Amino acid sequence: MTYVVANRVPVTPEFAERFEESFRNREGKVENHPGFLRMEVLKPEDPEGVYVVLTHWRSKDDFVAWMRSDDFRKGHAHPLPPEACRGKSEIETHELLISASAA
């Protein structure tokens, strides 16, 4: 089973570049954590849209272990100020049902 976490972040246009830069220069390297498969940061076409951060994990337990890790704390130690978002982030969790790639 692959466990997928989607974090939907409503960043204001004024903070978009800073938000993107925070992912380019991450301190807590999720890619070094056991069970991590991949991460994708989706930028909205509409400046008023939401960013979506997808992480793929081997299992839910691997994701939970990441959330409890020092690397997670490091990676979230310097959040954007409250005015950077137009509301709260929303977390969605899923089990991967089907994945298709180009032939």
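The values are calculated or read from the model by the stated rules, or taken from the named source; none is laboratory data. This structure is a prediction, so every number in the text was calculated from the model and none was measured. Cβ atoms come from the backbone with ideal geometry, glycine included; neighbour counts cover every protein chain shown.
Within the range 79-91, identify whether any single residue is closer than 19 Å to Pro34 by Cβ and either touching a Leu at 6+ places or on another chain (Cβ under 9 Å) or not hydrophobic (A, V, I, L, M, F, W, C) (or both), and answer yes or no.
Within the range 79-91 (the criterion being closer than 19 Å to Pro34 by Cβ and either touching a Leu at 6+ places or on another chain (Cβ under 9 Å) or not hydrophobic (A, V, I, L, M, F, W, C) (or both)), the answer is no, since none of the residues qualifies.
You will find that of Glu95, Glu83, Glu21, the residue that is exposed (fewer than 14 other Cβ atoms within 10 Å of the Cβ), at pLDDT 95 or above and out of contact with any Lys or Arg (no Cβ under 7 Å at 6 or more places or on another chain) is Glu95 and no other. Checked against the criterion of being surrounded by 12 or more Cβ atoms within 10 Å (Cβ to Cβ), modelled with pLDDT under 95 and not aromatic (Phe, Trp, Tyr), the candidates Lys88, Lys29, Lys74 yield just one match: Lys74. Got at least one residue in the range 50-58 being in contact (Cβ under 8 Å) with a residue 12 or more places away in the chain, aliphatic (A, V, I, L, M) and in contact with a His (Cβ under 8 Å, 6 or more places away or on another chain)? Looking for residues that are in contact (Cβ under 8 Å) with a residue 12 or more places away in the chain, aliphatic (A, V, I, L, M) and in contact with a His (Cβ under 8 Å, 6 or more places away or on another chain), one finds none in the range 50-58, hence no.
Pro47 passes every criterion in (1) more than 15 Å from the chain's Cα centre (by Cα); (2) at pLDDT 90 or above apart from (2). Scanning the range 1-12 for residues that are surrounded by 12 or more Cβ atoms within 10 Å (Cβ to Cβ) and not β-branched (Val, Ile, Thr) yields Tyr3, Ala6, Asn7, Arg8, Pro10. Somewhere in the range 79-91, is a residue touching a residue at least 40 places away in the same chain (Cβ under 8 Å), more than 21 Å from Phe15 (Cβ to Cβ) and not small (Gly, Ala, Ser)? No, the range 79-91 has no match at all.
Number of residues in the range 6-20 that are out of contact with any Phe, Trp or Tyr (no Cβ under 6 Å at 6 or more places or on another chain), closer than 22 Å to Phe63 by Cβ and aliphatic (A, V, I, L, M): the value is 1.
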